[in-house]
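Please see the structure below; I have some questions.
Values in this text are rule-based calculations from the coordinates and carry no lab data. Treat the numbers as computed from the prediction; the structure is a model and nothing was measured. Here the Cβ is made from the backbone with ideal geometry for all residues, glycine too, and neighbour counts use every protein chain on show.
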């Protein structure tokens with residue numbers, strides 16, 4: 001799963017410093033039409049938040065799945081404190097920081113999820129949140145590419161290199 005693995009490898013050292021485990025699993029055949037740089041940054045932003053808000057020694061899971069026949073989903077699940085219901089609609093707003101004290105300690109400007117949402121929407125997708133008091137699951141949902149067997153620029157979520165790929169008819 002090079003796109004997701006590549007994004008996580010950039011953050012492995014942060015998780016390791018906190019004694020956290022990054023688990024990556026999923027469908028190895030999913031392709032989406034996407035700008036690989038933007039898509040990788042979306043996954044990095046989601047993973048960075050999961051690392052920041054999960055406790056020392058926590059587990060962060062990333063799954064690549066087909067959510068329905070026309071959509072692919074990258075799920076990033078953490079074991080942090082979750083997001084209170086009254087703040088869930090705001091987390092995708094620019095400069096949103098739910099807990100100012102904790103956000104200052106963890107760093108950041110409150111732009112990561114806003115940029116991730118923009119990246120998802122720029123590719124015809126969306127970003128979803130499911131939160132409880134035992135963690136969050138952020139879902140990046142994208143349309144599956146209809147051009148896998150033809151010539152098209154396609155980003156493979158699971159099995160190809162990180163850069164955009166030109167696929168041939170061969």
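Any chance you could run the full-extension gain for residue 88 through residue 16? It's 0.36 nm times the residue separation minus the Cα-Cα distance, nm to one decimal.
Working: separation 72, 0.36 × 72 = 25.92 nm, distance 2.83 nm.
Length gained between residue 88 and residue 16: 23.1 nm.
Follow-up question, since we're still on this one. Pulled fully out, how much extra length does the chain show between residue 130 and residue 68, if you take 0.36 nm times their separation in residues and subtract their Cα-Cα distance? Before the final figure, lay out the partial values.
Values: separation 62, 0.36 × 62 = 22.32 nm, distance 1.80 nm.
Answer, rounded to one decimal: 20.5 nm.
Ranked by Cβ crowding within 10 angstrom, fewest neighbours first, how are 131, 54 ordered? List each step's numbers first, then the result.
Details: 131 19, 54 22.
Fewest-to-most ranking of 131, 54: 131, 54.
Something else: What list do you get for 25, 89 if you sort them by fewest beta carbons within 10 Å? Write out the running numbers ahead of the final one.
Details: 25 14, 89 11.
By the 10 Å Cβ count, ascending, the order reads 89, 25.
Is segment 1-100 rounded, prolate or oblate when judged by the Cα gyration tensor, a ≥ b ≥ c being the square roots of its eigenvalues, rounded requiring a/c under 1.5 and prolate requiring a/b larger than b/c?
Details: a/c = 1.75, a/b = 1.27, b/c = 1.39.
The shape class here is oblate.
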